[in-house]
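Visitor: Pasting a structure here, questions to come.
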Amino acid sequence: MTTETIWQEFLHIVRAEAGSRVVDTWFKAVRMVQLDRTTRVVYLEAPNAFVRQWITTHYVDLVKAGLKRLLNESDLSIIFTDQQGERAQKEMVTSHFQPAKLLRDQLGGTSSASVASTAVVPRSPRQRSVLVAHYRFDSFVVGPSNALAFSAAQAAAENIGRLYNPLFIYGVSGLGKTHLLHAIGNFVRENHKRISVLYQPADRFVQDFVASIRMNKVLEFEARYRDLDVLLVDDIQFISKKEQTQEAFFRIFNMLHQAGKQIVFSCDSMPCDIIGLAERVRSRLEGGLIADIQMPTLETKIAILHKKAEASNYVLDDDVSYYIASCECSSIRELEGMLIRVVANASLSKQPVSVGLARKVLAQTQEQKKESVGLSGIARSVGRHFSYTVKDLRSERRNKDIAHARHVAMFLMKKLTDSSLREIGSFFDRKDHTTVLSAIEKVERLSKKNRAFSKELKIIEHEFRKSLHGNP
């Protein structure tokens, strides 16, 4: 198996054991660069020291256990590097850097002097503006599920600051939001040499802002955004519940928007469904066009598979692409991952890529996998069924009817996603995950005793699955 294939399989393990949010937040940007079987050392590359240190501090046991299982090794050492090639210390050696404390401080209410002394030094946005070259408009497969978002992104790129400003693109993870943000950036840079573009993941925005507090350079931090012409912010939900960060973001947004600069956001839910967001920030996010991306149709999935195969210089038979596209998957990223596993297995076993091989390679994954879907999407489906909004379900209201709907949502989230109890509880702003466990047990008991309710649960689940494929 290639290192890329091993790492993708490892990510499936992490999703099952720790939840999708852990993967998307901390492991998505990490890659496996080398495996030394002789010394039993795995080399991983982290995008920066912050991510490297966080994984080293909080997830090293998970990393070692998962890789030992995949590689059939009784013992392994993990060594991290960053993208500048700097070798990190082995996983069990810790420093005085305290990521958890750093993140607590950026919420507000604590002195900036208490921030860990080795916090990341803020850099100019221009230094962080790295665009993925192959994320372009012509490499994006358009279908009914994403046509509005694609058209809006293209129009925004061609009419900077004049159309759809701001542009807000939302959908569950892995459907192409980041691709569109990079496509906008690449288009603008290629066609307008003097226009400055910044692609900025929201978690990096938070990190840089925290560092600016520590160094007493908040004004300088905000000033760095003044000369931007296009700001692309990925996963804007990461600024929720962070009061000081939201204040800085609000000022930066107003500064750019009033100057006619283009602003584009991506998010995993609609602005109205982001809990812990200041109302004035929410109103800014809702001030332009809001476009969603849903799960692609079968035909679009097939087109995506062929596009991916062509990019990798191999031919994919129609029957194979049809079989893979017909398998259950929760995102385009997962769909492409299935194709990679099939092709990699064919290459290693020196067999042709066939339906039989695809069935064999994907069978175990399909049997064991829980469909990884967005918590917001389930909440919206449950809310529609019971005539509540997502905001209602996430509120503190505890009357019998809304509590029942909330319990149903929690039950379906656990059944249909690989989210942990803690992640589901966090979605509803409940600090104790035992609340979620209790809700799930109540729904299970009721469904066993009440046949009508059991049938209602199936109807809600069916309605949700239809909405995933654009058939509400």
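The values are calculated or read from the model by the stated rules, or taken from the named source; none is laboratory data. It should be emphasised that the depicted structure is a prediction, and the values quoted were computed from it without experimental measurement. Positions of Cβ are generated from backbone atoms using ideal geometry, with glycine treated the same way; all protein chains shown enter the neighbour counts.
Visitor: Every residue in the range 300-321 that is free of Cβ contacts under 8 Å to residues at least 24 places away in the same chain and either surrounded by 14 or more Cβ atoms within 10 Å (Cβ to Cβ) or among the charged types (D, E, K, R) (or both), please.
Guide: Scanning the range 300-321 gives ILE302, HIS306, GLU310, ASP318, SER321.
Visitor: Given the conditions (1) over 25 Å from TYR164 (Cα atoms); (2) without any contact (Cβ under 8 Å) to a residue 60 or more places away in the chain, which single one is not true for GLU247?
Guide: It is condition (1) that GLU247 fails.
Visitor: Go through THR389, THR297 for me and flag whichever is in contact (Cβ under 8 Å) with a residue 24 or more places away in the chain, in contact with a Pro (Cβ under 7 Å, 6 or more places away or on another chain), surrounded by fewer than 19 Cβ atoms within 10 Å (Cβ to Cβ) and farther than 30 Å from GLN262 by Cα.
Guide: Selected residue: THR297, the only one of THR389, THR297 that is in contact (Cβ under 8 Å) with a residue 24 or more places away in the chain, in contact with a Pro (Cβ under 7 Å, 6 or more places away or on another chain), surrounded by fewer than 19 Cβ atoms within 10 Å (Cβ to Cβ) and farther than 30 Å from GLN262 by Cα.
Visitor: Counting only residues that are under 21 Å from the mean Cα position of the chain (by Cα) and not in a helix (DSSP H, G or I), how many does the range 268-285 have?
Guide: Of the residues in that region, 7 qualify.
Visitor: Let me ask something else about it. Can you tell me how many residues within the range 1-36 are of a type outside the set (Val, Ile, Thr) and at pLDDT below 80?
Guide: 12
Visitor: Looking at the range 143-154 only, could you name the residues that are surrounded by 15 or more Cβ atoms within 10 Å (Cβ to Cβ), modelled with pLDDT of 90 or more and over 20 Å from the mean Cα position of the chain (by Cα)?
Guide: Scanning the range 143-154 gives LEU148, ALA152, GLN154.
Visitor: What do you reckon, is GLU463 at pLDDT 85 or above, surrounded by fewer than 20 Cβ atoms within 10 Å (Cβ to Cβ) and either farther than 24 Å from ASP292 by Cα or of a type outside the set (Val, Ile, Thr) (or both)?
Guide: no
Visitor: I've got another one for you. Can you find even one residue in the range 251-260 that is more than 20 Å from ILE169 (Cα to Cα) and of a type in the set (Phe, Trp, Tyr)?
Guide: Among the residues of the range 251-260, not one is more than 20 Å from ILE169 (Cα to Cα) and of a type in the set (Phe, Trp, Tyr), which makes the answer no.
Visitor: Restricted to the range 259-280, and to residues that are buried (at least 20 other Cβ atoms within 10 Å of the Cβ) and among the β-branched types (Val, Ile, Thr), which residue is farthest from GLY143 (Cα to Cα)?
Guide: The qualifying residue farthest from GLY143 (Cα to Cα) is ILE274.
Visitor: For ARG204, all conditions in the list (1) part of a loop (DSSP other than H, G, I, E, B); (2) basic (Lys, Arg); (3) under 26 Å from ALA29 (Cα atoms) hold save one; what is the number of the exception?
Guide: Going through the list (1) part of a loop (DSSP other than H, G, I, E, B); (2) basic (Lys, Arg); (3) under 26 Å from ALA29 (Cα atoms), ARG204 breaks only (1).
Visitor: If VAL355 meets every condition in (1) within 27 Å of THR3 (Cβ to Cβ); (2) in contact with an Asp or Glu (Cβ under 8 Å, 6 or more places away or on another chain); (3) without any contact (Cβ under 8 Å) to a residue 40 or more places away in the chain apart from one, which number is that one?
Guide: VAL355 satisfies all of (1) within 27 Å of THR3 (Cβ to Cβ); (2) in contact with an Asp or Glu (Cβ under 8 Å, 6 or more places away or on another chain); (3) without any contact (Cβ under 8 Å) to a residue 40 or more places away in the chain except (1).
Visitor: While we're looking at this one, here's another question. Restricting attention to the range 218-267, and to residues there that are basic (Lys, Arg) and outside any helix (DSSP H, G or I), which single residue is modelled with the lowest pLDDT?
Guide: LYS241
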